[in-house]
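Structure record follows, encoded as structure tokens.
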Amino acid sequence: MNDLFETLKDKIDNQQRITDAEALALFESNDLLAIGELAAAANRRKNGERVYFNVNRHINYTNICVNQCTFCAFSKLEGEEDGYTLALEDIRKKAEEAVAAGATEIHSVGGLHPRLPFEFYLDMLRTIKSVSPQLHVKAFTAVEIDYFAKISKTTILEVIHALREAGLGSMPGGGAEIFAKEVRDKICPEKISGERWLEIIEQIHATGIKSNATMLFGHLENYADRVDHMRRLRELQDRSGGFQSFIPLAFQPDNTRVPGAKGVGGVDALKTLAISRIYLDNFQHVKAYWVMLGLKIAQTALCFGVNDLDGTVIEEQIGHDAGADSPQVIGKERIINLIRIAGKTPVERDTLYNELMVY
Ligand code: V47
Ligand code: SF4
């Protein structure tokens, strides 16, 4: 074992933080198994052998978006052929299907529609909650919250308050992409800045609403940009404590406009998940989102520090529009089996990580 790995093993055993330079050195190392071993040790301390999943359903209410992020194959301009906006009745049906399938969570995000009023999003939440008050709605990103404040000419806090009254339970981690300005300006020039994303999330956490955090990787960013992204999240988590899980999202290149981006290989995916587990010592959970990673890499990640597989998903669009070749849905039994075969204990959770059943 070389010096870096010995130093980091000691740090993990003594629950000390690793530095940015150490994280960068891990990214530059090709010793994937040694990185994985460190991450597995860091995860074992936090979560033992338990691996979480939930039963959920995605509802992407519209793909019409005023932003045209170059990495996004999902969004359409208004009037474009494949653009759609779901009617509240469609949303109700999807929520009913979710309840019938045993879902405890609706995950709902969409484009920034140029004409839908803020009231639409409130009605959407009320509609879902009217199907089942127990259904947890994890919806909207900081990007959407910023947009809602603009279209309704009000503040972030007022938007959050209204969404919460209408049934918002927590927020997913999207819209973070990569914070570094130089790259962000190339892949999503119209999107709010990284600083604004962090500022909005901090305000949201202060209201008691939990969120996740993502990082889109494998496009134009370099390793230093990934470490910079995680540093800003670690700093915010020190202040707010409001993040539940970190989710590195592997970029899917089909139908996108990122020049030269080829997609993410298994080695880079496992390395990134593992390093995030080691670096983000104040995040309880690291999630392998199987939709973007594929089932086999997501399962392998369970031996590389990951302790969450997201959920059954049902009808994911953002990754699949960009060429993800994972299934559209996986059954609960299949997730349980994937976790068991990896030698771990499957635990069904709700959105807030309350344990519903240990298998
Ligand atoms: O913000 C868009 C990403 C995100 C592509 O919090 C792409 O539990 C890969 O945030 N290739 C939305 N990624 C999805 C998201 C998410 C997913 C699952 C669970 C949770 C959670 C959050 O999808 C966007 C963007 O970063 N994205 N296009 C693409 N071509
Ligand atoms: Fe719009 Fe979000 Fe796609 Fe960007 S990633 S174009 S904001 S839907």
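The values are calculated or read from the model by the stated rules, or taken from the named source; none is laboratory data. Everything numeric in this text was worked out from a predicted model, so none of it was measured. All Cβ positions, even for glycine, are placed from backbone atoms using ideal geometry, and neighbour counts span all protein chains on display.
Every test in (1) closer than 21 Å to Ile318 by Cα; (2) assigned to a helix (DSSP H, G or I) is passed by Ala103 save one, and that test is (2). Out of all the residues in segment 254-312, which are aromatic (Phe, Trp, Tyr) and outside any helix (DSSP H, G or I)? Passing the criteria: Phe283, Tyr289, Phe304. Taking first residues from segment 122-151 that are in a loop (DSSP other than H, G, I, E, B) and partners that are surrounded by fewer than 18 Cβ atoms within 10 Å (Cβ to Cβ) and among the hydrophobic types (A, V, I, L, M, F, W, C), the Cβ contacts under 6 Å between residues at least 6 apart in sequence or on separate chains come to Ser132/Val99.
Restricting to segment 249-277, name every residue that is within 16 Å of ligand 2 (Cβ to nearest atom) and touching a helix residue (DSSP H, G or I) at 6+ places or on another chain (Cβ under 7 Å). The answer is Leu249, Ala250, Gln252, Asn255, Val258. What residue, of Arg226, Arg231, Arg239, Arg196, is within 16 Å of ligand 1 (Cβ to nearest atom), surrounded by fewer than 20 Cβ atoms within 10 Å (Cβ to Cβ), more than 21 Å from Thr351 (Cα to Cα) and modelled with pLDDT of 95 or more? Going through Arg226, Arg231, Arg239, Arg196 in turn, the sole match is Arg196. Put simply, of Lys138, Lys153, Lys181, Lys186 the only residue that is modelled with pLDDT of 95 or more and within 14 Å of ligand 2 (Cβ to nearest atom) is Lys186.
Within the set of pairs 6+ apart or on separate chains, which have a first residue in segment 157-173 that is within 12 Å of ligand 1 (Cβ to nearest atom), a second that is assigned to a helix (DSSP H, G or I), and C-beta atoms under 7 Å apart? What qualifies is Met171/Ile204.
Looking for something within 22 Å of Tyr61 (Cβ to Cβ) and away from ligand 2 (no atom under 16 Å from the Cβ) - is there at least one such residue anywhere in segment 327-343? Before you say what the answer is, go through the steps one by one.
The initial filter retains those residues of segment 327-343 that are within 22 Å of Tyr61 (Cβ to Cβ), namely 328-329.
Now restrict to residues that are away from ligand 2 (no atom under 16 Å from the Cβ): 328-329.
There is at least one residue in segment 327-343 that is within 22 Å of Tyr61 (Cβ to Cβ) and away from ligand 2 (no atom under 16 Å from the Cβ).
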